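Notes to accompany the following structure.
Throughout, read-outs are computed from the coordinates displayed, never taken from laboratory work. What you see is a predicted model; the values in this text were computed from it and never measured. With ideal geometry, Cβ positions are generated from the backbone for all residues, glycine too; neighbour counts draw on all protein chains shown.
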Amino acid sequence: RPAEERGIGANSGTLLLKNGSSMSGGVLFNVNGGKLKVDGPYVLSGIVAAVSDLQIEGRIDVEDDYKVLEISGTIENNGQIVINGNLDADDAELSVVADTTLSGDGEVVLRASGAQQARLVVSTDANLTIGPDMTVRGAGVFQSSSTTPVTNNGVIVAEDPAARLVLSRDFAGSGVFGANDAELFIGEFADLFGCTLNSSGTGEIVIGEYA
């Protein structure tokens, strides 16, 4: 059955994931120009919506100041999760708050412009595994405070010539770390175990002090 018959979503309209909302299981979708986005009135502590153990078919946007999408469990992403898509958000974030597997054949897209940088954050007690068909791409900051390395079995790639993608902690796995006409910056406290590095075009992989 199509996604719109199996889940909750937006069919030509807009579904707002409001502060404090939580969804577990099923399918989140958008079709016919519909939009899914984290939304709510401005508060400094952030607008947080949470999803766990579900399937994404379509695109979810986290595009405004202090908006956070929390994920946990198994997220089968066959679409896109886009962070700071409008390039003007302070602290727009995808937050991994518990053990999480990002599976499926979709993408997490991080965007950045100057100080407005998308953030993908793995919390202290969480483990993140990126599946073999999953891509994390763009520019911004990918950071972890977990004592366990992020397992990348997919692709993490910098691809914005105007802004770098920063990795600030440890990674392992069989996946690829790439720089396509962009800079992949590996902070001095980041260790990569058993990973493949690849650059193309004018891409650079830089190791240095991350402030």
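Look at where the Cα atoms of segment 132-211 and of segment 101-121 average out, and the two centres are 12 Å apart.
Sort the following peptides by mean Cβ neighbour count (other Cβ atoms within 10 Å, averaged over residues), highest first: 142-148, 73-79. Kindly include the intermediate steps, with their values, before the conclusion.
Values: 142-148: 17.4, 73-79: 19.6.
Listed from highest to lowest mean packing, they are 73-79, 142-148.
Stokes-Einstein diffusion for the chain at 37 °C, viscosity 0.692 mPa s, with a Kirkwood radius from C-alpha pairs, works out to 193 µm²/s.
Near Ser199, once Lys and Arg are set to +1 and Asp and Glu to -1 for all other residues with Cβ below 10 Å from its Cβ, the sum equals -3. Over all other residues within a Cβ to Cβ distance under 15 Å of Ala162, the charged ones net out to -3, with Lys and Arg as +1 and Asp and Glu as -1. For the peptides 193-203, 84-94, residues were scored by their other Cβ atoms within 10 Å and the scores averaged per peptide; the highest-first order is 84-94, 193-203. For the chain, the Cβ-based charge dipole about the Cα centre amounts to some 380 debye (Lys, Arg positive; Asp, Glu negative; other atoms uncharged).
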